[in-house]
Amino acid sequence: MAERVYAAKIGGMHCAACSARIERVVGNLEGVSSCAVNLATERAKIRYDETQLGERELVEAIENLGFSAEEAGEAQPSADDSAALVTAMGRRLPLLFVFALGIMTVSMAHMVGLPLPRWLAADSSPFVHAGSQFLLLLPVLYLGRNFFSSGLPALWRRAPNMDSLIAIGTGAATVYSTWNLVEIALGIDAIKRAHDLYFESAAMLIALVSLGKFLEARSKRRTTDAIRQLLRLAPDTATLLNADDSQRQVAVGDIRPEDRLLIRPGERIAVDGVVLSGQSAVDESMLTGESLPVSKGPGDDLFGGTLNRHGALTMRASRVGGDTMLARIVRLVQDAQGSKAPIANLADRISLYFVPAVMAVALVAGLSWYLSGAADFSAALRIFIAVLVIACPCAMGLATPTSIMVGTGRGAQLGVLVKNGEVLERAEKVDCVVFDKTGTLTAGRPEVVAVQVLGELGEEELLTLAAAAESSSEHPLAEALVSAAESRGCRIVPPKDFAAHLGRGISATVDVDGRSRAVLVGNRGFLEAEQCRGLHRASSEDEAERQAAEGRTVLYAAVDGELAGLLTVADPLKEEAAEVVAGLRRQGLTVVMLTGDNLRTAAVVAARAGIERVVAGVLPDRKEEEIVRLQGEGRVVAMVGDGINDAPALARADVGIAMGSGIDVAVESAGIVLVSGHLQGVSRALGLSRATMANIRQNLFWAFAYNVVAIPVAAGVLAVFGGPTLNPMIGGAAMALSSVSVVSNALRLRWYRPEV
């Protein structure tokens, strides 16, 4: 099976019934494994077997349902398109309300004590009274023609949507009133007919629903503000340094890897790269959510979109265009905003049948009142229209995606990147947080703090041999040894026969002064297994005990089969670790530390961080097993790691959280990535998930509650007990405001503030 993903931009969707219909029809096509349509983003993601069908068949299937479809590409936020749509809708509204209020004045002015002139009054000039309303309605019908051009064809295709409800309701009112106008012109009971017109209801319904759609569109546009703000951070031009150091302005799109760029104080950095010269402080808050500027000097990484605060910098471009960190963050957030959470499944299933059910309820309600003799045709028609226009499938369709869009956008501003809505929902249920130690709880930059010589070698010679042997390793402890040797001016030669023994140490042959030395560096168990001599010296055991008691890591170094010394490495705990752990425990979460270090060293680090449960001596390939064991205890586990060595554990956990290790790792193994690597991001991620899921539940509750209460009221339930019936205009206003309220509630997440 050759599975591909087709991302499509869908046009013409008006409510949840539309998106549900596309999902059902396209999802049932032979060769399509899944189809997810997001009403809020107007995007579809379709997984299909390209050996059975192609993109053309997918587009045709969508177009046959009455919608447009085109490839979404990189799915850049359609800021211009949405702004143009909102502007166009805003221009129509004043005209709609001018004509609608004109009809209301003619029709109902006498009810509020404003008498009409005799030539316009219903009792004295019934034809002029009715005809003027009809003429005023025509421009309203023209300006609101989209309800009919969308709703009626959808009805003919047996896939009615919200526009179908509006079209039928206002159409019924218009047809009934127009027939009365004809009878007035023919002189058939003219005065009575003049008092039985619904032109004003049709006009005000179209005007009020259009107002609701305008407010909804404007609010929905604000849900993508975070993405637009990120995109605006990238400058349009940059200063390129030529080979002779002359300067010229170039478009950012013309920058290539290895180009040299000059970044002046106050300028935004155009692309990712490395500092070649200069010192400055760079504001990276747009990526990391951290407000304090970061000092930058030669060799440090720079990221496109960040702001150079003080000194001038010369940089070498490394990643440009769609490969920059900013571009990848935008893509990840867009994917998350277009995703669905499992909690939306119920609303999606209901939405598919909602509009036909509402039409059936409206018809049954109207006929029941009329056939029972409890209401005349006019009153029954009013009930029929009220049921149609008060139902709101949009509120259900927007309840989940708008919250996810705003929540993930806010997360990006805080340096928390969430992969999709499913991860967001799972994160809310987390009750156990597992931290890797090195690079997660600790700074991840270990340093050699002590060297104890136990043999014939001098301290510098021992460090030189150990560093040379470790120079082919990528382990952080190896980097600490190499860095310590280089700082002392030691000459490091490449090793021979290098071998890494996972979780235990390394072995290598190092040529120094024409002599080959067999070097082993690792933990005590490794050297014991290699049968090294001298391991039981009291001085070595005492030193190892003392250093371990302070939470430091002791590396044993053997040369030519005999213990030569101890190398003590310390990796300081991150400053915020204890505060973050305390905050998580206050929230009722179980906190666990998982590490390959020995239990004594791990226990000291855990105690300083405030962690009571420690799992030590775990090799990288066994971390996944520990996650499974915790899950077996009934826990919902979040694993926090560096995203590289911890990839299997991150993937196995219910929620994998990668610490500042890049977007690629988040896509492959972790569901959440914390750009800054700051531990407070863990609290932010979990807090954001809880806030977003609470917001979704609020939206779903009000969307369902609105329809459950409003539809029976419109059907005349209150009138059965002597109460009033619902005016269709009030129903239309309520329907319009229900969608606006759902989107407005979701927008509250833009101001989410993390507790820690």
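The values are calculated or read from the model by the stated rules, or taken from the named source; none is laboratory data. The shown structure was predicted, so the numbers you read here are calculated from the model rather than taken from an experiment. Cβ placement follows ideal geometry from the backbone for every residue including glycine, while neighbour counts extend to all protein chains displayed. Only protein heavy atoms, including side chains, enter the accessible area calculation; ligands, DNA and RNA are left aside. Shrake-Rupley method; radii C 1.70, N 1.55, O 1.52, S 1.80 Å.
Here are the numbers:
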item	result
Filter result for ALA557 (more than 31 Å from the chain's Cα centre (by Cα), within 25 Å of ILE506 (Cβ to Cβ) and of a type outside the set (Ser, Thr, Tyr))	yes
Selected residue (criterion: modelled with the lowest pLDDT) from residues of region 499-519 that are over 20 Å from ASP621 (Cβ atoms) and open to solvent by less than 70 Å² (accessible area, probe 1.4 Å)	VAL512
Subset of region 582-605 that is part of a helix (DSSP H, G or I) and in contact (Cβ under 8 Å) with a residue 60 or more places away in the chain - its residue that is surrounded by the fewest Cβ atoms within 10 Å (Cβ to Cβ)	GLY583
Unique match (being under 29 Å from MET405 (Cα atoms) and free of Cβ contacts under 8 Å to residues at least 12 places away in the same chain) among VAL709, VAL740	VAL709
Leading residue by the ranking (surrounded by the fewest Cβ atoms within 10 Å (Cβ to Cβ)) among those in region 522-534 that are free of Cβ contacts under 8 Å to residues at least 40 places away in the same chain and more than 19 Å from VAL569 (Cβ to Cβ)	GLN531
Residue check for ARG748: over 19 Å from MET359 (Cα atoms), in contact with a helix residue (DSSP H, G or I) (Cβ under 6 Å, 6 or more places away or on another chain) and assigned to a helix (DSSP H, G or I)	no
Region 134-158: number of residues that are part of a loop (DSSP other than H, G, I, E, B) and in contact (Cβ under 8 Å) with a residue 24 or more places away in the chain	2
Candidate set from region 446-472 (those that are farther than 19 Å from ASN523 by Cα and part of a loop (DSSP other than H, G, I, E, B)); member that is most open to solvent (accessible area, probe 1.4 Å)	GLU456
All helices (runs of 4 or more DSSP H) inside region 316-405 with 1 or more residues being under 30 Å from TYR752 (Cα atoms)	325-337, 345-371
Residues satisfying the stated conditions in region 666-677, i.e. open to solvent by 10 Å² or more (accessible area, probe 1.4 Å) and either at pLDDT 90 or above or within 17 Å of LYS623 (Cα to Cα) (or both)	SER669
Residues of region 433-445 classified as charged (D, E, K, R) and either at pLDDT 85 or above or not in a loop (DSSP other than H, G, I, E, B) (or both), total	2
Unmet criterion (only one of (1) in contact (Cβ under 8 Å) with a residue 40 or more places away in the chain; (2) open to solvent by less than 40 Å² (accessible area, probe 1.4 Å); (3) farther than 20 Å from GLY11 by Cβ) for GLY171	(1)
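Residue-by-condition table, conditions (1) farther than 30 Å from ALA173 by Cβ; (2) within 24 Å of the chain's Cα centre (by Cα); (3) exposed (fewer than 14 other Cβ atoms within 10 Å of the Cβ); (4) not polar (S, T, N, Q):
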residue	(1), (2), (3), (4)
ILE227	yes, yes, no, yes
ALA243	yes, no, yes, yes
GLN247	yes, no, yes, no
VAL250	yes, no, no, yes
SER280	yes, no, no, no
SER285	yes, yes, no, no
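Here is a yes/no grid of residues against (1) open to solvent by less than 70 Å² (accessible area, probe 1.4 Å); (2) at pLDDT 85 or above:
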position: LEU292; (1), (2): no, no
position: GLY305; (1), (2): yes, yes
position: HIS310; (1), (2): no, no
position: VAL320; (1), (2): yes, yes
position: ILE329; (1), (2): yes, no
